[in-house]
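Worksheet for the structure shown next.
What follows is calculated from the coordinates using simple rules that are stated; it is not laboratory data. Model, not experiment: these values are computed from the prediction. Using ideal geometry, Cβ is built from the backbone for each residue, glycine included, and neighbour counts are taken over all protein chains shown.
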Amino acid sequence: MSRIKECFKNLQADGQTALIPYVTAGDPEPWVTVPLLHALVEAGADIIELGVPFSDPMSDGPVIQKACERALKNDVTLNSILDMVKQFREKNTETPIVLMGYANPLEAMGYENFARKAKAVGVDGVLTVDMPPEESEEFLQLMNSHDIDTIFLVAPTTSAERMQKIAQHAKGFIYYVSIKGVTGAAALEINEVTAKLEEIRKYTSLPLGVGFGIRDGKSAAAVAQVADAVVVGSTLVRCIEEHANRPQDLPAAVASLLAEMRHAINARDLASVSA
Amino acid sequence: MPEIQIDDYFKHYPDELGHFGPYGGRFVGETLMGAIYELEEAYKQYKNDPVFQAEMDKDLADFVGRPSPIYHADNWTRKLGGAQIYLKREDLNHTGAHKVNNTIGQALLAKRMGKTRIIAETGAGQHGVATATVAARLGMECVVYMGAEDVARQAQNVYRMKLLGAEVVPVQSGSKTLKDALNEALRDWVTNVDDTFYIIGTVAGPHPYPAMVRDFQSVIGREARQQMLNTTGKLPDALVACIGGGSNAIGLFYPFIEDKSVAMIGVEGAGHGLQTGQHSAPLSAGTPGVLHGNRTYLIQDTAGQITETHSISAGLDYPGVGPEHAWLKDIGRAQYVTVTDTEALEAFHELTRTEGIIPALETSHALAYASKLAPTMSADQSILINVSGRGDKDMHTVAAMAGLNF
């Protein structure tokens, strides 16, 4: 069983919602990333989305764009990110890691080369924002043969027909983009999200994560009510940006922000169990 | 590569999913996939609709001033002493460049699709002006994204767009040039996907843009092919056009692709020289990768990060190139060469003085290469050069090279 599958199985058995923080690898400095990942797990992260920075992040808002720029200034590459995962795995063999980014760095490394190296260091899944199922045939085959889960996005604009197609190819979980827009752009509308998740469930039994519009404990808890996983990105990355000049304080600051969300989600999970 | 690909080219490229061999395709976030399919459906429907075509033809004739003439550059031909040189005069179009052929087509499509808001990216500002122009005429809201560096360099075009009623948004991210303007326009589109039509200015972006923009620009090659037959009684021996994204070049080349006797030469910007790394020549010095919705040749580092480009002409200053050019290169149907800033500037002055035509700096790259090619050919052969735009917008840059400031 894949680490991601096992993680959701355990959480569901306990009636809990997964909390998935996103941080950009190497932001603001490469050495911060591994301690930060451990601090996130400590604060209640169930799965970690580790962003692979790209020079032209066209689906991201200004917060994550700047994170990419900070990381790239330090010459962070896909290779050095795989090293970070390897280091993280020295102390943590349980928390699933999903690499999230754009197609070009993967193309540059070569899909097969990437799949082999990623599996070897303990990467569990990959989410390539600009690679829809239409363009993924070779990629999917190689990820599948190396047991790396391929996570896909579903958007408010996704038709039923496409949902079906995406569901066929998705592994691990499906990530629902809760707003029309870039990351960190607007607050989500919980009723719309609920309706869309119901629709997606017609086509898949995979866990559903929701991200792109979650800013605080309150919105995290609201999403936890209807989703299997809550993804938090820009809010954490903004905190990283604020601490860019004192990176030694950064893991604790980001972790305490995540802990608030964990707390809010747990309170809601508990309330719905007792209700 | 098998010969059949060229004999049967028109039938095969792109395929159903928008691929030219391994290039092209649809590499965008899920939120835009619906909009891209919607656009493809609309384009398929109107492409062969006689009413739509008639409306476009009328606009191209009465608003743009088509057909643009071909001109036998007699003086320059004699001076170079070789092949006869013909110029396709896209510089005479309304707004001063070939860009308007495409914006007319896409704006009419936007109107038919019920979109009320137009967005565009621009580098030098020619595509932005051409977009603002058609938006003004159709009474549509228009927002143009332009790198902050380019806004500073192209103040006059920024003002033209504003006069035409467009909002010009300076883009501060990344290298603050054309590629970042494209990123920002894509972000706007994701956010306002319901009512907004994105008019991409070149043969890049996700399918159907490369094919659609090519089709709109192919009016250049269709006219030129007939004009050459009427004037000289035969097809030209070589076509020469500059390549940024590659829309003027594909517009000229496409109708000639199955005419195997016609050589097709695309000229990229070598900037300060390919060996300096400061250039904008992905086909000549780049490697394949994925950017802005398609797979093509890119200027990138070994880790797949897009690196900064340089060209004296803002219109060539882009790290990618249309996927069809990538394919034409690989199958050997077109040849891609480079010309430096200095060579382009020399050709700019040469055409201006010899023929009384002030070309755009982009076009000057094509002229510079043609001036090397012509003397190697005989007087009964001919070269057709696409004069993609006029040089009015470049007065500042050229004057600054001579130490003058307005």
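Relative to its residue count, region B:1-157 spans a Cα convex hull of 207 Å³ per residue.
Per-residue shielding of A:120-131, expressed as the average number of other chain Cβ atoms within 10 Å of the residue Cβ, stands at 2.
The order of A:W31, B:W327, going from fewest to most other C-beta atoms within 10 Å of their C-beta, is A:W31, B:W327. Per-residue mean of foreign Cβ neighbours for A:97-109 is 4 (Cβ atoms of other chains, 10 Å radius). A simple packing score, the average count of other Cβ atoms within 10 Å per residue, orders the peptides B:56-64, A:132-140, B:281-289 as B:281-289, A:132-140, B:56-64, with the highest score first. Span-like helix check, chain A: qualifying full DSSP H segments, with Cα axial length of 30 Å or more and mean Kyte-Doolittle of 0.5 or more, are A:250-274. Among B:183-190, A:37-44, sorting by the average number of other beta carbon atoms lying within 10 angstrom of each residue, highest first, gives B:183-190, A:37-44.
Just so you know, the Rg over Rh for the protein assembly as shown is 1.01, from Cα atoms, with Rh as the Kirkwood radius. How far apart, in nm, are two points set 7 Å out from the Cα along the Cα-to-Cβ line at A:R246 and at A:R201? Placing both labels 7 Å beyond Cα along the Cβ direction yields 4.5 nm. Translational diffusion coefficient of region A:157-275 (Stokes-Einstein, Kirkwood radius from Cα pairs, 4 °C, 1.567 mPa s): 84 µm²/s. Model label sites at B:L235 and A:N266, defined 7 Å from Cα along the beta-carbon direction, differ in position by 7.4 nm. Other protein chain C-beta atoms within 10 Å of residue C-beta, averaged over A:68-75: 1. Taking max minus min of the alpha-carbon positions on each principal axis, region B:230-311 gives extents of 51, 28, 17 Å, largest first. Spacing of the modelled spin labels on B:D74 and B:M113, each 7 Å from Cα toward Cβ, amounts to 4.8 nm.
Hey, could you get me the Stokes-Einstein D for chain A, Kirkwood radius over alpha-carbon pairs, 25 °C and 0.890 mPa s, rounded to whole µm² s⁻¹? The diffusion coefficient I find is 133 µm²/s. Taking the average, over residues, of other Cβ atoms within 10 Å as the packing measure, peptides B:291-297, B:21-27 rank B:291-297, B:21-27 from highest down. In region B:205-273, the ratio of gyration radius to Kirkwood radius, Rg to Rh, stands at 1.02 when only Cα atoms are counted. Considering only Cα atoms, the convex hull volume of chain B works out to 133 Å³ per residue.
B:Q53: net charge of surrounding residues, Cβ under 14 Å, Lys/Arg +1, Asp/Glu -1, itself excluded? Neighbourhood net charge equals +1. Note on region A:29-169: the C-alpha convex hull projects to 8.8 nm² when averaged across all orientations.
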